[in-house]
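What follows is a single structure, written as structure tokens, with notes after it.
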């Protein structure tokens, strides 16, 4: 992995550049039964992970976050990605880029269409799953 030196940006990558578009074989949202079979019911199979650098709540920067909860299937990936961010940028650059602001963990609520429950885990971009209202 390239190191960030001075103002030089790291090599850009995109998910589209992966040799296989879905290497982890994540299920699509439909049919819903496949999603539940893969992830489990809402708010189950959660794992706590330690963050490799301190984060602050985006809405209350005085609150420091050291651990978060995410689905067990993405826990190892989250650890790897966040460790790579620290290795790539270092703490000073992470703070400058505001990559240490945390937007939330597991949040469940009705989908916009009201058809099911949408859960976001690990902050906004990590994982979104949709399960039935039960």
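Select, from 87, 60, 34, the only residue that is without any contact (Cβ under 8 Å) to a residue 12 or more places away in the chain and surrounded by 12 or more Cβ atoms within 10 Å (Cβ to Cβ).
34
So in the range 37-57, with the set limited to residues that are free of Cβ contacts under 8 Å to residues at least 40 places away in the same chain, assigned to a loop (DSSP other than H, G, I, E, B) and out of contact with any helix residue (DSSP H, G or I) (no Cβ under 8 Å at 6 or more places or on another chain), which one is nearest to residue 96 (Cα to Cα)?
So, considering only residues that are free of Cβ contacts under 8 Å to residues at least 40 places away in the same chain, assigned to a loop (DSSP other than H, G, I, E, B) and out of contact with any helix residue (DSSP H, G or I) (no Cβ under 8 Å at 6 or more places or on another chain), the one nearest to residue 96 (Cα to Cα) is 44.
Readers should treat all values here as calculations from the given coordinates under stated rules, not as data from a laboratory. This is a predicted model, so every value here is computed, not measured. Glycine gets a Cβ as well: all are built from the backbone with ideal geometry, and neighbour counts include every protein chain shown.
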